[in-house]
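Written out below as structure tokens is the structure these notes cover.
FYI, it's all coordinate maths here, none of it is from the lab. The model shown is predicted, which means the values in this text are computed figures rather than measured ones. Don't worry about glycine lacking a Cβ; one is built from the backbone with ideal geometry, like all the others, and counts go over all protein chains shown.
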Amino acid sequence: METEILEILKSNPGDYVSGQYISGRLGVTRAAVWKEITKLKEAGYDITSSTKKGYILNSCPDILTYEEVKQDLTTKTIGRRIIHLQKTASTNDYAKQLAAHGEAEGTVVAAEGQEAGRGRMGREWYSPEGRGIYFTLILRPDIELASAALLTQISAAAVGLALENLGLIPLVKWPNDIFLGNRKVCGILTEVSGEINCLNDMVIGIGLNVNNETGDFSDEALARASSLKLESGRTFRRSTLLAGILNHFEPLYYGFLKKGSAEESLDYCRRHSLTDGRRITVVNSAGRTSAKVTGLNDKGQLMVAYSDGRRENLTGGEVSLEDCPD
Ligand code: BTN
């Protein structure tokens, strides 16, 4: 009922709506309406109640519920169901459980904060409540396991395009980071479940530092991490940004499934590459080796050239820029 009341208040911007009208529309008592209004206020909705005039919605909170995201959402499937959690250990873990129980493609698990947010290579993803965006998208693409890595590039392009829409200039650091200037603001963690060459489902977790302040980061983290607010001096509405990412993701993703090629996203990543033409250190089981980035191929692999003349197409692992802290 909370949702219906919100709909009624939202469809009467700047106007009082009487308790009697709402109770009549929903077929419930006025006391029940009052109870739901109290819940909405607790969730952060600024609603004035007047015994004579009824209720007026003054402002909506910036939360990642479907109610708030949907007004900016233009997708058909992606994000049409959002499971909103105030706090969870990790949205990826939550989404993986749901996916294992048959949750449909396109469902998003979004949290205001995470207690055990995870990054690649077992790293922690610091997830303070209400500052960033932490969400995981459940997908069931009919693709080979080997192509799953392309979904990270598609996601990176979707985040990049959404940030560009806000007037920012993002760069993609292969395989899964988005930078503003020399600092990382976003990380992507793609996890698949399946057997050899048969993908059952996959989850794509995206963490984006949005309105974080300097004090939200340790001194050590500040050398390499930042937020949209710190880089631009502006505060962003997180629900709008989440919708923006999903809006860009949907056509890139279904275009990829249809054509069998992620060229559009890869092209975006190439044009906005942080590493292209630069020297990097490749960290893998062979140790740390210096190399020059020569491009990104159509499989989403990073092409590098070592100083001894060898060339390699990297499928994963870790690369770090030699002339910048990352
Ligand atoms: C990385 O940079 O290594 C990837 C970071 C991914 C963080 C996101 S936040 C939402 C989702 N839940 C997690 O536990 N991790 C991802």
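Spin-label pair residue 144-residue 320: with each label point 7 Å from Cα along the Cα-Cβ axis, the two points sit 3.4 nm from one another. Straight-distance candidates among the lysines for linking to residue 173, with alpha-carbon spacing under 22 Å and chain neighbours fewer than 8 residues away dropped: 184, 229, 292, 299. Note that segment 1-143 carries a Kirkwood radius of 17.1 Å, evaluated over its alpha carbons pair by pair. Of the residues 175, 205, 154, the one whose Cα sits farthest toward the positive end of the charge dipole of segment 92-219, with +1 on the Cβ of Lys and Arg and -1 on the Cβ of Asp and Glu, is 175.
Legend: P(r) of segment 195-287 from all alpha carbon pair distances, 10 Å bins from 0, whole percents, reading 11, 26, 37, 23, 3. In this rough spin-label picture, where each label sits 7 Å from Cα along the Cβ direction, the residue 224-residue 32 distance is 5.5 nm. Computed over the chain, the range of Cα coordinates on each principal axis works out to 82, 43, 30 Å, biggest value leading. Within the straight-line cut-off of under 19 Å between alpha carbons, the lysines reachable from residue 10 are 35, 39, 41, 53, 70, sequence neighbours fewer than 8 places apart in one chain being disregarded. Scanning the chain for long hydrophobic helices, with DSSP H runs required to stretch 20 angstrom or more by C-alpha along their axis and to average at least 0.5 on the Kyte-Doolittle scale, returns 150-165. For the pair residue 313 and residue 288, a Förster radius of 22 Å applied to the C-beta separation gives a FRET efficiency near 0.75, rounded to the nearest 0.05.
In units of the compact-protein estimate 2.2 N^0.38 Å, segment 82-184 shows a Cα radius of gyration of 1.12. Spatial offset of segment 20-38 relative to segment 281-326 amounts to 61 Å, using the alpha carbon center of each. The mean sequence separation of alpha-carbon pairs under 8 Å and at least six residues apart, normalised by the residue count of the chain, gives a relative contact order of 14 percent. FRET efficiency for the residue 53 to residue 182 pair, using the beta carbon distance and R₀ = 56 Å, is estimated at 0.55. With the cut-off at under 14 Å, measuring from each backbone N in segment 33-65 to a point 7 Å along the Cα-to-Cβ line of residue 15 picks out 54-57. The phi torsions of segment 305-310, fed into the Karplus equation with coefficients 6.51, -1.76 and 1.60 and a -60° offset, translate into couplings of 10, 8, 5, 7, x, 5 Hz, rounded to whole numbers, with Gly and Pro shown as x.
For segment 7-86, count all C-alpha to C-alpha pairs, find those more than 22 Å apart, and express that count as a whole percent of the total. Counting pairs separated by more than 22 Å, the tail of P(r) holds 31 percent.
Approximating the spin labels as points 7 Å out from Cα along Cα→Cβ, the residue 1-to-residue 299 distance works out to 5.9 nm.
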